[in-house]
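For reference, the structure is listed below as structure tokens.
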Amino acid sequence: MKLTTDIKKYINQSVLCWLSTVSDDGMPNVSPKEIFACHNESIIIANIASPNTVKNIQSNHKVCISFVDVLVQKGYQLKGTAQVIKELDPEFEELKMPLLEMTAGLFPFNSITVITVEQSKPILAPRYLLYPDTKEQDQIKSAIKAYGLNRNRS
């Protein structure tokens, strides 16, 4: 499946994503990820402190990943397959470059999860569904108030 412009937009606007995996005994695991990017038609994630995620992917390649812009309260749920690329794998050098840029070298990682997306589904805050006239700007104002954010912080 091709990553649409809209999917890429929400990936780029999201601070965190949540990666869901399943262990070989069927136990689900959801883990927040901070260092991720689009790469060609895949999503790459630096495995910084992810021993359960890596172990689960090695036994079950099916994953679900979600991205939400917390202010607009829109995003995507993506399902597909994942593989773990290790430091000694030939593609590691190319894949690590955009992730290293994001970490500025402060968060070491020696493997990368590469996700091939097979399905996508938009995520919308209930307000968009219950009140179809809701504008993104209204949702942003509401989120800023609900989260106690001050737009003038530096």
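The values are calculated or read from the model by the stated rules, or taken from the named source; none is laboratory data. Given the structure is predicted, the values throughout are model-derived calculations rather than measurements. Virtual Cβ from ideal backbone geometry, glycine too; neighbours counted across all protein chains shown.
Checking Asp69 against (1) among the charged types (D, E, K, R); (2) surrounded by 19 or more Cβ atoms within 10 Å (Cβ to Cβ); (3) more than 27 Å from Glu136 (Cβ to Cβ), which single condition isn't satisfied?
Just one mismatch for Asp69, condition (3).
Of all residues in region 7-27, count the ones that are without any contact (Cβ under 8 Å) to a residue 12 or more places away in the chain and in a helix (DSSP H, G or I). Break it down stepwise before answering.
Of all residues in region 7-27, those without any contact (Cβ under 8 Å) to a residue 12 or more places away in the chain come to 9, 25-27.
From what's left, in a helix (DSSP H, G or I): 9.
Going through region 7-27 one residue at a time, the tally reaches 1.
Before we move on, is Gly80 under 17 Å from the mean Cα position of the chain (by Cα), assigned to a strand (DSSP E or B), modelled with pLDDT of 95 or more and closer than 26 Å to Ala146 by Cβ?
Spelling it out, it is not the case that Gly80 is under 17 Å from the mean Cα position of the chain (by Cα), assigned to a strand (DSSP E or B), modelled with pLDDT of 95 or more and closer than 26 Å to Ala146 by Cβ.
For region 85-143, which positions are modelled with pLDDT under 90 and in a helix (DSSP H, G or I)?
Hits for region 85-143 are Arg127, Asp138, Gln139, Ile140, Lys141, Ser142, Ala143.
Scan region 118-126 and give yes if some residue there is touching an Asp or Glu at 6+ places or on another chain (Cβ under 9 Å) and under 30 Å from Gln58 (Cα atoms), otherwise no.
Yes, there is a match, as at least one residue in region 118-126 is touching an Asp or Glu at 6+ places or on another chain (Cβ under 9 Å) and under 30 Å from Gln58 (Cα atoms).
Name the single residue, out of those in region 28-54 being assigned to a loop (DSSP other than H, G, I, E, B) and without any contact (Cβ under 8 Å) to a residue 12 or more places away in the chain, that is surrounded by the most Cβ atoms within 10 Å (Cβ to Cβ).
In this case the residue turns out to be Ala49.
Consider only pairs whose beta carbons are under 8 Å apart and that are at least six residues apart or on different chains; among these, list those whose first residue lies in region 133-154 and is within 9 Å of Leu71 (Cα to Cα) and whose second residue is surrounded by 10 or more Cβ atoms within 10 Å (Cβ to Cβ) and modelled with pLDDT under 85.
Here the result reads Ala143/Leu149, each pair linking region 133-154 to a residue that is surrounded by 10 or more Cβ atoms within 10 Å (Cβ to Cβ) and modelled with pLDDT under 85.
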